[in-house]
Amino acid sequence: AGTTINSSRLLTYSSRKRSIVNLYCSMGLFLSIAMSPDGAASPMQSYISAVALGAAFMWVSMKMGTRSRRRKALTSSTCCVATGEDELEINPMDIRRQAQIVQGGATDHALEVMVLPKPGFDLNATIFKPLEGMIARTIMQEKVGVEFFWSDATIAQVSRAYSAIPPAPEHSKELIRFMKDECNFKCEHADGSFLDHLQFCYEYGAVHYTEYSPRVLLLHSIMGVATNIFPMSTELVPKLKTMISPFEYAHIEAFPSVLRLLNHRAMLDELLACSPDKLDALQSLTFHRVIDNESLTMGAKDFWIHLNYQLIHLLDFLPVANWKQDLDDSLFQVFIPLHDLLKRSGRLGAKLDFDLCTALDEPNGKRTTLASAIKSVVPSRVKTAIAKNAIVKFSKKIGHSLDYTLTFAQ
């Protein structure tokens, strides 16, 4: 079920710590201006200097006067499920994912969870190892290098509701052997193993997108991950095709490409700018496959189905709590408009509830860290630019084109 401790001791937020962070960053900004040759640094220089100097102040303060407080936690079993020749090594579903499946959507859990840094977390042991740049890596470290401490009441309520949901269909033994023996899914993901992420997407689709195959979500990363990790080689494509339907394969091979196009924002922005009549006139999307840059075309009907698959996938990357403080999270900035596009155009086929108005105005249950301090002073536009540039760099490294064409009827 996850890691738990008594909520009454942890569900607090220290405004004093927040004030200290702001003070450090302000001091860094002041010194960055004062030390510039002409007394007036550029905005970008000021931001970078403020981050660096503020971090230095905070580090010295922690070393000189801050005592590390370790809280003991009662931890439930995290051993893997039974692993045989025809079974995947998947950990029990955590509370956050259970709650999303139970509720059929996303919830800001700020009053139910405490988010703390994960001791010993190594970003280089995850799919984000290839990520470049100090700011980009710091932002990602702050996002994924955490663990959740849930209130006892929430654990009991969510676990009980999740256990009442009928289990998702079992996986094909042939497909499992293929994934285990001929593909590489051993890299760590944002929260748990790569397979944990795939299983969550699969289960969510099986429960809340019943009209179409959930197996697309189980295999959505097999032909490429955003950070240029490829669990399967192109030589295995013919074998994969023998184990899945043509519909499933079409969505699986398109998934890494459409995800990059969404994260790069140009295609999403074009869709958002379309009138309802123009969206109705959409005929197809032409794009390039990530694994080998082959040109592919997807018809409008499949494209709208596919965007529902993408939305379910993005659900697993949303902040667990304090949404309004993380609105500039790069994947949150894709999820919100994509959900709005599908909902207002009447094309949200999956059950996926999301209401930003339910989020708290003030943060709660999250501890201030050096990484979070650095993240908080980086402007939103800079974070967005970093995320876009990362997509461009990753695609350029493998000769993948981000060019696309949305074709509309005249």
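The values are calculated or read from the model by the stated rules, or taken from the named source; none is laboratory data. Since the structure is predicted, the reported quantities are computational estimates derived from the model, not experimental observations. Note that each Cβ is placed from the backbone with ideal geometry, even for glycine, and that neighbours are counted across all protein chains shown. We work out accessible area using only protein heavy atoms, side chains counted, and drop any ligands, DNA or RNA first. Shrake-Rupley method; radii C 1.70, N 1.55, O 1.52, S 1.80 Å.
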Options L314, L296, L307: the member that is open to solvent by 10 Å² or more (accessible area, probe 1.4 Å), hydrophobic (A, V, I, L, M, F, W, C) and either in contact (Cβ under 8 Å) with a residue 24 or more places away in the chain or in contact with a Gly (Cβ under 9 Å, 6 or more places away or on another chain) (or both): L296
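Within the stretch 340-349, does at least one residue satisfy the condition of being open to solvent by 10 Å² or more (accessible area, probe 1.4 Å) and under 28 Å from N389 (Cα atoms)?
At the first step, the residues of the stretch 340-349 found to be open to solvent by 10 Å² or more (accessible area, probe 1.4 Å) are 340, 343-349.
Add one more test, that the residue is under 28 Å from N389 (Cα atoms), and what stays is 340.
Checked the stretch 340-349: at least one residue is open to solvent by 10 Å² or more (accessible area, probe 1.4 Å) and under 28 Å from N389 (Cα atoms).
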Would a scan of the stretch 239-262 turn up a residue that is over 22 Å from H171 (Cα atoms), modelled with pLDDT of 95 or more and small (G, A, S)? yes
Note: among F185, F149, F200, just one is among the aromatic types (F, W, Y) and touching a Pro at 6+ places or on another chain (Cβ under 8 Å), namely F185
Residues that are open to solvent by less than 40 Å² (accessible area, probe 1.4 Å), out of contact with any helix residue (DSSP H, G or I) (no Cβ under 7 Å at 6 or more places or on another chain) and in a helix (DSSP H, G or I), drawn from the stretch 141-153: V144
Out of (1) surrounded by 19 or more Cβ atoms within 10 Å (Cβ to Cβ); (2) at pLDDT below 85, what's the single condition that is false for K383? (1)
Which pairs have Cβ atoms under 8 Å, sit 6 or more apart or on different chains, and link a residue in the stretch 121-145 that is modelled with pLDDT of 70 or more to one that is open to solvent by 20 Å² or more (accessible area, probe 1.4 Å) and of a type in the set (S, T, N, Q)? F121/Q141; L123/Q141; P130/N228
Can you confirm whether the stretch 293-308 contains a residue that is under 30 Å from W150 (Cα atoms), touching a helix residue (DSSP H, G or I) at 6+ places or on another chain (Cβ under 7 Å) and modelled with pLDDT of 95 or more? yes
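Results for (1) in contact (Cβ under 8 Å) with a residue 60 or more places away in the chain; (2) surrounded by fewer than 16 Cβ atoms within 10 Å (Cβ to Cβ); (3) over 29 Å from L123 (Cβ atoms), shown as yes or no for each residue.
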position: A164; (1), (2), (3): no, yes, yes
position: H171; (1), (2), (3): yes, no, yes
position: K180; (1), (2), (3): yes, no, no
position: Q199; (1), (2), (3): yes, no, no
position: V216; (1), (2), (3): yes, no, no
position: S233; (1), (2), (3): no, yes, no
position: A250; (1), (2), (3): no, no, yes
Please go through (1) touching a Cys at 6+ places or on another chain (Cβ under 8 Å); (2) under 26 Å from F121 (Cβ atoms) for E203 and return the number of the only condition it doesn't satisfy. (1)
Of the conditions (1) open to solvent by 50 Å² or more (accessible area, probe 1.4 Å); (2) part of a strand (DSSP E or B), the single one that L116 does not satisfy is (1)
